[in-house]
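Written out below as structure tokens is the structure these notes cover.
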Amino acid sequence: MAASEYTPLLEPSTRPQNRSSRWRVLALICFVVLIQDFAEYLSQAPQTEIWLEIVTRKFCPVGQDGSECQMDRVQREVALLQGWKDTLEQVPGILFAVPYGVLADRIGRRPVLLLCAVGFTLSDTWTKAVGWFSDQLPLRLIWLGPIAQVLGGGTQVATSIMYVILADLFSDEEQITAFLYVAATVLVSEILATPLSALLMTKNIWLPYLLSPAFNAAGGLLLFLLPETLPQTPPSQPSSSEQAPQRQNFRGRIRAGVDELSRSIAVIWRHRPVQLFLVVFFIAYLGMQVMKLLLLFAADRFHWTIAQASFLIPVRGFTRLLLLLVILPGISRWLIERRRMSPFTKNTRLALTSSACMGVGCLLIALSSHPAGAVLGLVVYALGSAMHLFARRIITSLVDAHHMGTLYTAIAVMQGIGVLVAGPMMATAYGWGLAQGGVWTGAPFLLVGGLYGAAGLAILLGSWEGCKDDLEDGRCSETIG
């Protein structure tokens, strides 16, 4: 249940909350996120290793050279399994985000969040069960697991509702701090779980893999301790003589809402800078998925075990945590206070720098012939991981507040499409690279590196055109480039 950068699906409530209890709720949410993400990272490396072993038994007859098999057919199949699993897991969130958002406004945030936990736990348990009974079941049956996430809508809905709960509790100024704590918690779980998983894998590869559902269940049970933040405003009971006019009024509001939505969409899609930044969000979330292949790539390129390759994950997590808590706040303060840079120009330059870091990082990983090169590339990549955050700030400043809801919906759609496309695309690129051999085994990273270059160009053009359209607002007091 990773707490990533998804747009909240619901409007936050305005119900006043007890000031002393808000931070306790935040601490509980952070603890739940820590446990759930700890479970995910605990199982990531052993899952890859187990799938490799299962596919090797299937594709490699006894006596065949196992290393040659693993270099080609086995890794291509595992990449395909992972890619389509990630893609299919996005479908419930895309299809059911709005219905569950409406349900959360009717019955409360906590029941829907509990439903998300049930669906996710069932899906995860199915994946583990298929692996355990792989002698009787085809491994591709793991692709049926996301069906269980129809209950609750998956991690997208869960993450959004968690953020809405925080928005219910905290003011606009306090929300920034609250969201920062949640994001930092995700990175801490990544840093802690991966080395522990590698250690447990030396004892038994199934040990960390089967422990993760227990952590998922524990995190779900802790959700019962969350307070309900939905406003308690019982609806009035209209008389029968009032119901007909109210139904007509309701239909009128629906028509007005549809008309307003159509106007907002038209305004956004006619705005070229907004179109360019929507492309940035598509590329950002597509590119992030390449890291799902990091373990397979490192094991193949450097002849490591999956447990050894898994130590690259906390390197990325620690760098991102340092970026989030130390580097970005310091640079932002220096650019505004010392360089007298406007927030718009600051965000644009940081977004461009971030896209360059992610592109260069991917290229370094793809071309590295020594582990040190891959580590350097991973660090450089992680230093650019806030690109989508700066892009969100820029695109928000380009659109009137009146159209903000439609804009955030468009962003969420582009993010979802990016993740959907990424799974099969990365698996295909990796399979092609394995067939070519040599440096081409890093084909997914080469592809994503080029896409981040395109994202940087879109940021530059979108910011320049946005400034050109709104110079009178005083947002662009310095040169963008």
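Side notes on the structure shown:
- Odd one out for Leu324, checked against (1) in contact (Cβ under 8 Å) with a residue 40 or more places away in the chain; (2) out of contact with any Leu (no Cβ under 8 Å at 6 or more places or on another chain); (3) within 18 Å of Val380 (Cβ to Cβ): (2)
Yes or no, residue by residue, for (1) within 27 Å of Leu80 (Cβ to Cβ); (2) outside any helix (DSSP H, G or I); (3) not small (Gly, Ala, Ser):
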position: Ala391; (1), (2), (3): no, no, no
position: Val399; (1), (2), (3): no, yes, yes
position: Gly418; (1), (2), (3): yes, no, no
position: Ala443; (1), (2), (3): yes, no, no
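- Selection from the range 269-321 of residues that are within 22 Å of Thr48 (Cα to Cα) and basic (Lys, Arg): Lys292, Arg301, Arg316
- Subset of the range 3-39 that is small (Gly, Ala, Ser) and in a helix (DSSP H, G or I) - its residue that is modelled with the lowest pLDDT: Ser20
- Residue satisfying all of: in the range 77-108; crowded, with 22+ Cβ neighbours inside 10 Å and more than 21 Å from the chain's Cα centre (by Cα); modelled with the lowest pLDDT among these: Ala104
- Taken across the range 95-118, residues that are closer than 30 Å to Gly442 by Cβ, of a type in the set (Val, Ile, Thr) and in contact with a Phe, Trp or Tyr (Cβ under 7 Å, 6 or more places away or on another chain) do not occur at all.
- Residue list for the range 161-182, restricted to those being among the aliphatic types (A, V, I, L, M) and assigned to a loop (DSSP other than H, G, I, E, B): none
- Qualifying position, being modelled with pLDDT under 90, part of a helix (DSSP H, G or I) and within 20 Å of Ala217 (Cβ to Cβ), among Ala158, Ala117: Ala158
- Among the residues listed as Arg320, Arg340, Arg301, the single one being in a loop (DSSP other than H, G, I, E, B) and either closer than 17 Å to Leu192 by Cα or assigned by TED's automatic domain parsing to the domain that holds Leu451 (or both): Arg340
- The conditions of being in contact with a Phe, Trp or Tyr (Cβ under 6 Å, 6 or more places away or on another chain), modelled with pLDDT under 90 and part of a helix (DSSP H, G or I) are met by Arg73.
- Out of Leu137, Leu222, Leu180, Leu192, one residue alone is surrounded by fewer than 20 Cβ atoms within 10 Å (Cβ to Cβ), under 25 Å from Val55 (Cα atoms) and either touching a His at 6+ places or on another chain (Cβ under 9 Å) or not β-branched (Val, Ile, Thr) (or both). It is Leu137.
- With respect to the stated conditions, Gly252 is modelled with pLDDT under 90, among the small types (Gly, Ala, Ser) and outside the structural domain of Leu378 (by TED's automatic domain parsing).
The values are calculated or read from the model by the stated rules, or taken from the named source; none is laboratory data. Source: prediction; values computed, not measured. A quick note on method: Cβ atoms are made from the backbone with ideal geometry, for glycine too, and the neighbour counts reach across all protein chains shown.
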